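A.B. asks: The structure is given below, and queries will be raised subsequently.
The values are calculated or read from the model by the stated rules, or taken from the named source; none is laboratory data. Here the structure is a predicted model, which means the values were calculated and not measured. Please note: Cβ atoms are built from the backbone with ideal geometry, for glycine as well, and neighbour counts cover all protein chains shown.
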Amino acid sequence: MTTKYIFVTGGVVSGLGKGVTAASIGMMLKAKGLKVIAQKLDPYINMDPGTMSPYQHGEVFVTEDGAETDLDLGHYERFIDENLNKYSNLTTGKVYWNVLDNERKGVYNGETVQVIPHVTNEIKRFIYSVGKKIAADVVITEIGGTTGDIESLPFLEAIRQVSNEAGRENCLFLHVTLAPVISSSGEMKTKPTQHSVKELQSLGISPNLVVLRCNRHIDESARRKISMFCNVSPDCVIENRDVSLLYEAPIMLEESNFSQIVSRELGLDDNPPDLTLWKGMLEKAYARDKVVTIGLVGKYVKMYDTYLSIVEALTHAGIENGAKIDLRWIDAEQITPQSAPELLGGCDGIIVPGGFGDRGIEGMVCSARYCREHDLPYFGICLGMQIAVIDFARHVAGLSDANSREFDVESQNKVIDIMEGQIGYENTGGSMRLGAYECVIKENSTLSAAYGEKSIMERHRHRYEFNNAYRDLFEEKGLCICGTSPDGTLVEAVEISGKRFHLGVQYHPEFKSRPHRPHPLFVRFIAASLKNRQDTKGE
Ligand code: GLN
């Protein structure tokens, strides 16, 4: 079939859940039997979010093919359940980088290089390329930022051109805006939406659908005004209310017949969506009758976006285990041998997520030690695995100055060290081990029990590695090397047997967890934490 394009833009303010709206329509269309892919075009000038601070940008989501991307891609993957690729995220920086590279190579044959057509062509190349591998029926493209931003203009121009080239009937523009309610009068206001749509129209884009973020039902007068001033039919004003669980969003949007209207506007068959799996997952979520307290020990506290995929993966595993996650944010810098019992003791399990730089490291090592000594379930991810190794080296193998090269170059025992070929590139973007690699699993380990497979593929994003010079010593002392690269040279996972759960993985399992297909390691970690709660608190 002809490829259909859905463009999602945002107006009025940021943070309206544009990404979740894009992901929700993707999920519904896939449930109708279509092949769907999604991408995000980010107008900022960095090449990718890989080198941006979590304060600025939140989590960096990594794709199978090793692209460091915007966290909205995590929503797309979790909702649509389709692996995205390196065409799924594009920034102004990358566009210019590619265009200038072409210019240097003489690709433009001496032409004057301009925003139109060279920059817009490069943007369109990404839009046309993203769905090729899976022969997508529908390509969903979200434009980052808010209408009116100077830097998003070339992106809006590019999508306008796509609608001209691919045919207006094959393209749908979906504008996500806000309908504020004035508290004194209780009136829902449509003017910001009208202005925002006018701005888009001045760029040659007329939205087909307006998705209105609001905290109550849209009243008839607001619907009529938006329909009239924004030039959309009344049923194309879609209500986007707050939901308590993110995964309810598609179902809430369906109350306005969202997917049926999108199908109608795009001339797609209106097959009923098969929501068996999704609704089954929601049923399980509503039925959760247990609680499990998980401590997340990191250097960013209460920054949900920084650890977004981990928090979501915990939620998925909680749903599978019938438990709500009571997430306790623990500032790694506050943890000392003295404070550990108070800060960690009340938790049923501890997770140490990925991270960079030495702030908070000693508190994390202290947490790994406390967990190991008190048989409190410990799950270390990437940096968290390196931390488990440092604790083991210092406190079990007796190497008191053990550390990672990242935190102490002077240490005589760099049990975590730089990978060959990366020396000299420590501080540059895109120079890490990125994307999916195979990991071979040792039999009779927690890892093997969780996956039930001999070999798995997981995504990576790290620069430092377990130092093989210490392998024999640590194994002798009781550390189980439970996962390695197929040639055995890279340590991918370590655990300590005989504990409720003490496992570290060099990769990021959180990126592959789905609400209706939770990741086996998270499921097992939550099960172990629940068991611990029962054993120690009798609940
Ligand atoms: N900083 C560590 C490394 O580069 C861990 C990275 C991570 O946790 N993603 O190896």
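A.B. asks: Lys30 - would you say it is over 13 Å from the mean Cα position of the chain (by Cα), surrounded by fewer than 19 Cβ atoms within 10 Å (Cβ to Cβ) and in contact (Cβ under 8 Å) with a residue 24 or more places away in the chain?
C.D. replies: Values: over 13 Å from the mean Cα position of the chain (by Cα): yes; surrounded by fewer than 19 Cβ atoms within 10 Å (Cβ to Cβ): no; in contact (Cβ under 8 Å) with a residue 24 or more places away in the chain: yes.
Criteria not met by Lys30.
A.B. asks: A follow-up question, please. Of (1) more than 14 Å from the ligand (Cβ to nearest atom); (2) surrounded by fewer than 24 Cβ atoms within 10 Å (Cβ to Cβ); (3) under 19 Å from the mean Cα position of the chain (by Cα); (4) on the phi < 0 side of the Ramachandran plot, Phe356 satisfies all except one. Which?
C.D. replies: Every listed condition holds for Phe356 apart from (1).
A.B. asks: If Thr293 passes every condition in (1) among the β-branched types (Val, Ile, Thr); (2) within 18 Å of Phe379 (Cβ to Cβ); (3) at pLDDT below 95 but one, which one does it miss?
C.D. replies: (3)
A.B. asks: Return the total of residues in the range 297-322 being within 20 Å of Leu344 (Cβ to Cβ), surrounded by fewer than 24 Cβ atoms within 10 Å (Cβ to Cβ) and either aromatic (Phe, Trp, Tyr) or at pLDDT 95 or above (or both).
C.D. replies: Qualifying residue count for the region: 2.
A.B. asks: For residues that are within 16 Å of the ligand (Cβ to nearest atom) and not charged (D, E, K, R), scanning just the range 460-469, find the one that is nearest to Asn413 (Cα to Cα).
C.D. replies: Out of the qualifying residues, it is Asn467.
A.B. asks: Looking only at the range 256-302, count every residue that is polar (S, T, N, Q) and either touching a residue at least 24 places away in the same chain (Cβ under 8 Å) or under 14 Å from Lys4 (Cβ atoms) (or both) and tell me the total. Reasoning before the result, please.
C.D. replies: First pass over the range 256-302, keeping only residues polar (S, T, N, Q): 256-257, 259-260, 263, 271, 276, 293.
Then keep just the ones that are either touching a residue at least 24 places away in the same chain (Cβ under 8 Å) or under 14 Å from Lys4 (Cβ atoms) (or both); that gives 259, 263, 271, 293.
Here the count works out to 4.
A.B. asks: Can you report the number of residues in the range 443-455 which are in a loop (DSSP other than H, G, I, E, B) and crowded, with 16+ Cβ neighbours inside 10 Å?
C.D. replies: Let us first name the residues in the range 443-455 that are in a loop (DSSP other than H, G, I, E, B), namely 443-445, 452-454.
Still in the list and also crowded, with 16+ Cβ neighbours inside 10 Å: 445.
Residues flagged as in a loop (DSSP other than H, G, I, E, B) and crowded, with 16+ Cβ neighbours inside 10 Å within the range 443-455 amount to 1.
A quick yes/no check of all residues on (1) out of contact with any Asp or Glu (no Cβ under 7 Å at 6 or more places or on another chain); (2) among the polar types (S, T, N, Q); (3) part of a loop (DSSP other than H, G, I, E, B):
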residue	(1), (2), (3)
Thr2	yes, yes, yes
Phe7	yes, no, no
Ser24	yes, yes, no
Gly33	yes, no, yes
Ile37	no, no, no
Lys40	no, no, no
Glu64	yes, no, yes
Phe79	yes, no, no
Lys86	no, no, yes
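A.B. asks: Also: Name the pairs whose Cβ atoms lie under 6 Å apart, with the first residue in the range 348-361 and closer than 21 Å to Arg533 by Cα, the second at pLDDT 90 or above and near the ligand (Cβ under 10 Å from one of its atoms), and 6 or more positions between them or separate chains?
C.D. replies: From residues that are closer than 21 Å to Arg533 by Cα, the pairs are Val352/Gly380; Val352/Gly384; Val352/Ile387.
A.B. asks: Do the conditions hold for Leu16, that is, is it closer than 30 Å to Pro180 by Cβ, surrounded by fewer than 21 Cβ atoms within 10 Å (Cβ to Cβ) and in contact with a strand residue (DSSP E or B) (Cβ under 7 Å, 6 or more places away or on another chain)?
C.D. replies: It is true that Leu16 is closer than 30 Å to Pro180 by Cβ, surrounded by fewer than 21 Cβ atoms within 10 Å (Cβ to Cβ) and in contact with a strand residue (DSSP E or B) (Cβ under 7 Å, 6 or more places away or on another chain).
Matching residues to (1) more than 18 Å from Leu447 (Cβ to Cβ); (2) surrounded by fewer than 24 Cβ atoms within 10 Å (Cβ to Cβ):
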site	(1), (2)
Leu376	yes, no
Ala388	no, no
His395	yes, yes
Asp401	yes, yes
Ser404	yes, no
Phe407	yes, yes
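A.B. asks: Turning to a different aspect of this structure: Run Met432 past the list (1) hydrophobic (A, V, I, L, M, F, W, C); (2) farther than 30 Å from Leu84 by Cα; (3) modelled with pLDDT under 95 and report the number of the one that doesn't hold.
C.D. replies: (2)
A.B. asks: State all residues of the range 53-62 that are modelled with pLDDT of 85 or more and either surrounded by fewer than 18 Cβ atoms within 10 Å (Cβ to Cβ) or part of a strand (DSSP E or B) (or both); if no residue qualifies, say none.
C.D. replies: Phe61, Val62
A.B. asks: While we're on this one: Starting from residues that are surrounded by 13 or more Cβ atoms within 10 Å (Cβ to Cβ) and of a type in the set (Ser, Thr, Tyr), keep the ones in the range 159-202 and report whichever is farthest from the chain's Cα centre (by Cα).
C.D. replies: Thr190
A.B. asks: Of the residues in the range 470-486, how many are out of contact with any strand residue (DSSP E or B) (no Cβ under 6 Å at 6 or more places or on another chain) and either closer than 11 Å to Ser445 by Cα or within 16 Å of the ligand (Cβ to nearest atom) (or both)? Quick ask: steps written out before the conclusion?
C.D. replies: First pass over the range 470-486, keeping only residues out of contact with any strand residue (DSSP E or B) (no Cβ under 6 Å at 6 or more places or on another chain): 471-478, 485.
This time we only want the ones that are either closer than 11 Å to Ser445 by Cα or within 16 Å of the ligand (Cβ to nearest atom) (or both), so: 485.
Of the residues in that region, 1 qualify.
A.B. asks: Is it fair to say Ile387 is part of a helix (DSSP H, G or I) and either closer than 25 Å to Pro509 by Cβ or of a type in the set (Phe, Trp, Tyr) (or both)?
C.D. replies: Here the answer is yes, as Ile387 does meet what is asked.
A.B. asks: Okay, next question. For Glu426, are the conditions met, namely being part of a loop (DSSP other than H, G, I, E, B), under 17 Å from Gly504 (Cβ atoms), modelled with pLDDT under 95 and within 16 Å of the ligand (Cβ to nearest atom)?
C.D. replies: So Glu426 does not fit the description; no.
A.B. asks: Give Ser367, Ser400 a once-over and let me know the one that is within 21 Å of Phe474 (Cα to Cα) and within 16 Å of the ligand (Cβ to nearest atom).
C.D. replies: Ser367
A.B. asks: When the range 487-515 is examined, which residues are found to be at pLDDT 95 or above and away from the ligand (no atom under 16 Å from the Cβ)?
C.D. replies: Once the filter is applied, which keeps residues that are at pLDDT 95 or above and away from the ligand (no atom under 16 Å from the Cβ), the range 487-515 yields Glu495, Ile496, Lys499, Arg500, Phe501, His502, Ser513, Arg514, Pro515.
A.B. asks: What residue, of Asp348, Asp326, is away from the ligand (no atom under 14 Å from the Cβ) and either in contact with a Phe, Trp or Tyr (Cβ under 7 Å, 6 or more places away or on another chain) or more than 23 Å from Ile496 (Cβ to Cβ) (or both)?
C.D. replies: Going through Asp348, Asp326 in turn, just one is away from the ligand (no atom under 14 Å from the Cβ) and either in contact with a Phe, Trp or Tyr (Cβ under 7 Å, 6 or more places away or on another chain) or more than 23 Å from Ile496 (Cβ to Cβ) (or both): Asp326.
A.B. asks: Can you name the residue in the range 370-394 that is of a type in the set (Asp, Glu) and either within 11 Å of the ligand (Cβ to nearest atom) or touching a residue at least 24 places away in the same chain (Cβ under 8 Å) (or both) and, of all such residues, is nearest to Leu314 (Cα to Cα)?
C.D. replies: Asp375
A.B. asks: From Ile310, Ile294, which residue is of a type outside the set (S, T, N, Q), within 16 Å of the ligand (Cβ to nearest atom) and at negative phi?
C.D. replies: Of the residues listed, the single one that is of a type outside the set (S, T, N, Q), within 16 Å of the ligand (Cβ to nearest atom) and at negative phi is Ile310.
A.B. asks: Then there is this: Can Ala135 be described as aliphatic (A, V, I, L, M) and over 19 Å from Gly204 (Cα atoms)?
C.D. replies: Numbers: aliphatic (A, V, I, L, M): yes; over 19 Å from Gly204 (Cα atoms): yes.
For Ala135, the condition - aliphatic (A, V, I, L, M) and over 19 Å from Gly204 (Cα atoms) - is met.
A.B. asks: When residues of the range 247-293 are filtered for being acidic (Asp, Glu) and buried (at least 20 other Cβ atoms within 10 Å of the Cβ), how many remain?
C.D. replies: So the answer is 1.
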